[in-house]
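To start, the structure under review is shown below, and the notes come after it.
The values are calculated or read from the model by the stated rules, or taken from the named source; none is laboratory data. Bear in mind that the values here come from a model prediction, so they are computed numbers and not experimental data. Positions of Cβ are generated from backbone atoms using ideal geometry, with glycine treated the same way; all protein chains shown enter the neighbour counts. Keep in mind that these areas ignore ligands, DNA and RNA; they rest on the heavy atoms of the full protein, side chains included. Shrake-Rupley method; radii C 1.70, N 1.55, O 1.52, S 1.80 Å.
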Amino acid sequence: MKKDIGYLRKVYKKGTLDVGSVGNDPITFFKKWFDQAQLDKEIDEPNAFNISTISNDGFPVSRIVLLKSFDSEGFVFYTNYDSNKGKQIINNPKVCMSFFWPSLERQIIIKGFASKIDDISSDIYFESRPLGSKLGAIVSNQSSVILNREILEDKLNKLKNTFKSKLPKRPNNWGGFKISGISYEFWQGRENRLHDRILFEKIKDKWIKKRLSP
């Protein structure tokens, strides 16, 4: 049965965006928007973003992950290197990030290259995690097939007993990736679907910005 949802729509009118207002550095402007998203009480996880990778069959694969740090060199998130996303990034480092903050009517799309961060940085972040998150990273062979959830629960309970008096170390197959952006698109919703889109592209180590048609 066909379900017609063509009536689902809203009017975007919370902001505007022009070439002059974004400055000359996309990371700086990203930080401005990210800081505003953090202050918005309607956004539960401003650091949640969609990351798309390319699988061996040539299809893009997308999922939501959490941004844990960023600077002028790129954006860092953590995962199991043996997971589908980890293997896909190692095989093909071209990725795409997408942040969407509906309450602000804003989206940011970042294309770039991902690479592993150094072990010391991964160790430091792993040590900062709650014990449950540390144990979860050890328990899960991410993306592998399991018969049932009880297998995970049993492994977790055994680990809880093992680490009652000591802290777990970071698994070698778990750590961070840093994404270095080569293009940034900032999108601000506007009325009549005439959205504002400003694109930054890196050309010969210089950021070039332009307005895109909606």
Positions within the stretch 109-133 being open to solvent by less than 40 Å² (accessible area, probe 1.4 Å) and assigned to a helix (DSSP H, G or I), in sequence order:
Ser122, Phe126
Selection within the stretch 76-98 - in contact (Cβ under 8 Å) with a residue 60 or more places away in the chain and part of a strand (DSSP E or B)
Val76, Phe77, Tyr78, Thr79, Asn80, Val95, Met97
Test for Asn80: is it open to solvent by 90 Å² or more (accessible area, probe 1.4 Å), of a type in the set (S, T, N, Q) and at negative phi:
no
Counting only residues that are of a type outside the set (Val, Ile, Thr) and assigned to a strand (DSSP E or B), which one in the stretch 62-75 is nearest to Glu45 (Cα to Cα)?
Leu66
Hey, can you tell me all the residues within the stretch 140-170 that are hydrophobic (A, V, I, L, M, F, W, C) and closer than 30 Å to Ser55 by Cβ?
Val145, Ile146, Leu147, Ile151, Leu152, Leu156
Condition check: closer than 25 Å to Leu199 by Cβ, modelled with pLDDT of 95 or more and basic (Lys, Arg). Does Lys94 satisfy that?
yes
Of these, Phe29, Phe34, which one is surrounded by 10 or more Cβ atoms within 10 Å (Cβ to Cβ), modelled with pLDDT of 95 or more and within 15 Å of the chain's Cα centre (by Cα)?
Phe34
Can you tell me which condition Phe70 does not meet? The list is (1) under 28 Å from Ile124 (Cα atoms); (2) surrounded by 10 or more Cβ atoms within 10 Å (Cβ to Cβ); (3) free of Cβ contacts under 8 Å to residues at least 60 places away in the same chain; (4) out of contact with any helix residue (DSSP H, G or I) (no Cβ under 8 Å at 6 or more places or on another chain), and all the others hold.
(4)
